[in-house]
Amino acid sequence: MNDHYYTRDPQSASRPAECEFTYRGTKMVFQTDAGVFSRGEVDTGTRLLLEALPEEMRGDILDLGCGWGVIGISVARTWPETRVTLADVNNRALQLSRENAERNRVKVICAESDGMAAFEGQAFDAVITNPPIRAGKQVIYKMFADAAACLKPDGALYLVIRKQQGAESCIRYLQTICASVEKLDKSGGFWVIRAKR
């Protein structure tokens, strides 16, 4: 049976694949691999999520469930004054994130974390996530709740979810834990959502 990307130590054979991605005028190159989400390309949901981010990002930013690092590294390249942390439960993903940060000349922190477990007591100006839907609603809703609890007073949680994978019920849940929930984009079957405390 194949393991999926929400796995601490993927058993799937390594199959490296390089991809290029241009974000807000800056071209970057990334190494991807099997056993990590979206091998060989930046998926549509992640592209839409990055495009929907505000014109300016500041402060402490967390890329939660970072995979091979495209969100956090794109933020760090675009807004170099931010302090970006990339977090994932998947050790192969974290190693790729470290290598990709070095390759794209950004300084980030890479942290092994099952959801928000490693960040108790820390506060972020933004948490950005393309959540691991295959891990199940119980897992991702806990990620959202824990992330919201770690936001600074004016902080925001940014996430993307397919409409057919529960975007509407996700918004209803977020409205029970956040003061402000809004759709930033609805394209190609994906919803980009911002939730504020």
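The values are calculated or read from the model by the stated rules, or taken from the named source; none is laboratory data. Since the structure is predicted, the reported quantities are computational estimates derived from the model, not experimental observations. In this analysis, Cβ positions are derived from the backbone assuming ideal geometry, glycine residues included, and neighbour counts consider all displayed protein chains. The accessibility values were calculated without ligands, DNA or RNA, using every heavy atom of the protein model including side chains. Shrake-Rupley method; radii C 1.70, N 1.55, O 1.52, S 1.80 Å.
Things worth noting here:
- Within the range 156-166, the set of residues being out of contact with any helix residue (DSSP H, G or I) (no Cβ under 8 Å at 6 or more places or on another chain) and either over 15 Å from L49 (Cβ atoms) or buried (at least 20 other Cβ atoms within 10 Å of the Cβ) (or both) comprises A156, Q164.
- Across the range 148-197, the number of residues qualifying as small (G, A, S) and out of contact with any Ser or Thr (no Cβ under 9 Å at 6 or more places or on another chain) comes to 8.
- Some residue of the range 148-155 being open to solvent by less than 10 Å² (accessible area, probe 1.4 Å), at pLDDT 95 or above and either within 12 Å of the chain's Cα centre (by Cα) or more than 24 Å from E51 (Cβ to Cβ) (or both): no
- Summed over the range 108-143, residues that are buried (at least 18 other Cβ atoms within 10 Å of the Cβ), over 12 Å from the mean Cα position of the chain (by Cα), in a loop (DSSP other than H, G, I, E, B) and of a type outside the set (A, V, I, L, M) total 1.
- Identity of the residue in the range 176-189, of a type in the set (V, I, T) and under 13 Å from Y141 (Cα atoms), that ends up least open to solvent (accessible area, probe 1.4 Å): I177
- Residue in the range 97-106 that is open to solvent by 70 Å² or more (accessible area, probe 1.4 Å) and touching a residue at least 40 places away in the same chain (Cβ under 8 Å) present: yes
- Taken over the range 106-141, the criterion of being of a type in the set (A, V, I, L, M, F, W, C) and in contact with a Leu (Cβ under 8 Å, 6 or more places away or on another chain) is satisfied by V108, I109, C110, A111, M116, F119, A123, F124, A126, V127, I128.
- The one condition in (1) in a helix (DSSP H, G or I); (2) open to solvent by 40 Å² or more (accessible area, probe 1.4 Å); (3) out of contact with any helix residue (DSSP H, G or I) (no Cβ under 7 Å at 6 or more places or on another chain) that Y173 fails to fulfil: (3)
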